[in-house]
Amino acid sequence: MSAQKPGPAERKARAAALRAEEARRERRRRLLVGGVVGVLALAVVGGIAGVIATNQNSSSPSGVPARPRMTAEGRTTPPPWDAPADVAAAVKAAGLPMLGAEGTALHIHAHLDVYADGKPVTVPALVGIDESAQRISPLHTHDTTGVIHVESPVNADFSLGQFLTEWQVSASADHLGGLRTDATHALTAYVDGKPVSGDPAAILLHAHDEVALVYGTAAENATVTVPSSYNWPSGL
C-alpha cells in the first residue's frame with residue numbers, strides 16, 4: 001500500500017518550518033560574525049593604544065630620549081676621574097644610545113671647566129666613545145680640552161647630568177664625586193660666568209655654553225678665575 005501524499009496544508013506547514021529554521025541559522029551566523037569582528041576590532045584598538053602608549057614612554061627610534069636625565073650618578077671618590085672603562089654601560093646609565101656614527105641633526109658644542117680646591121680637574125678624552133667597538137654616544141669628548149660635543153641624529157635637549165653620568169661622576173647641589181659641601185666648602189656651578197643655583201646636573205647644554213663647576217673653601221675658590229666664555233677654535 002503506497003504512502004499517502006501530504007496535502008496542501010501540510011506542505012505549507014513544512015515550508016514555513018524550513019523558512020523559520022533557515023532564519024534562525026542566518027541570525028546565528030550574523031551573531032557569530034559580529035562577535036568575531038568585535039573581538040578583532042577590540043584587539044586592533046588595544047594594539048594601537050599600546051603602540052601609542054609605548055611611543056609616548058620611550059625614546060625616539062634613534063634611542064635619544066625626548067627629555068634628558070637631570071641627575072648625575074657615578075663615582076663618589078675624589079678627582080681625578082678617568083674616562084670609564086665600560087663606555088657602553090656608562091652611556092646606557094645616562095639614558096643615551098651608542099651609535100655607529102656621529103649624528104648630524106643637532107651639532108653643537110659646550111665647554112666644561114672643573115676646579116677642585118683651587119686646581120683644575122681634567123675632563124678626560126673619549127667620554128662616550130668606545131674606540132674598540134667603533135661606537136659613539138651623541139654626547140662625547142674627543143680630547144682633554146673640556147669641549148663637549150653634541151652630535152645627535154635628532155633634535156633634543158642634552159644635560160650636564162647626562163654627561164657627568166657618562167663620565168661616571170656623581171653630582172648634585174651638595175657634592176661632586178667625593179667632594180662634599182660643608183661649613184667651609186662650597187660647590188658652585190656657573191654658566192657663562194654667572195652662578196646657577198640648584199642641582200648642576202640639571203643644567204641644559206646649549207651651543208657655546210661655558211660651564212664651570214667650582215668646589216673648595218672660600219680662600220681656594222677666590223684663586224679661581226671663573227671663565228665667562230671659551231676661545232672656540234674655528235669650525236666649532
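Some notes on this structure:
- A Förster radius of 30 Å combined with the Cβ-Cβ distance from Lys194 to Ser132 puts the calculated FRET efficiency at roughly 0.15.
- Percentage relative contact order, the range 113-233, counting C-alpha pairs under 8 Å, at least six apart: 26
- Formal net charge of residues neighbouring Ala186 (Cβ-Cβ distance under 15 Å; K, R +1; D, E -1): -4
- In terms of its C-alpha gyration tensor, the range 94-157 comes out prolate, because a/c is 1.5 or above and the ratio a/b outweighs b/c.
- Spin-label proximity, Ser62 to the range 92-123 - amide N less than 13 Å from point 7 Å beyond Cα toward beta carbon: 96-108
- Once the Cβ-Cβ distance of Lys92 and Ala125 is raised to the sixth power relative to R0 = 22 Å, the FRET efficiency obtained is 0.60.
- Label-to-label distance, nm, for residues given as Thr104 and Ala219 (7 Å Cα→Cβ offset): 5.6
- By accessible area, using a 1.4 Å probe on protein heavy atoms only, the range 93-227 has 52% of its surface on carbon and sulfur.
- Local electrostatic count at Arg69 - Lys and Arg +1, Asp and Glu -1, tallied over other residues with Cβ under 12 Å: -2
- Asp182/Leu204 FRET efficiency (R0 41 Å; Cβ-Cβ; nearest 0.05): 0.90
- Note on the range 105-229: Cα convex hull, mean projected area over all directions, 7.5 nm².
- Per residue, the range 110-234 exposes 41 Å² of accessible surface when a 1.4 Å probe is rolled over the protein heavy atoms with every protein chain present.
The values are calculated or read from the model by the stated rules, or taken from the named source; none is laboratory data. Bear in mind that the values here come from a model prediction, so they are computed numbers and not experimental data. Cβ: placed from backbone, ideal geometry, glycine included. Neighbour counts: every protein chain shown. SASA here: full protein model, heavy atoms, side chains in, ligands and nucleic acids out. Shrake-Rupley method; radii C 1.70, N 1.55, O 1.52, S 1.80 Å.
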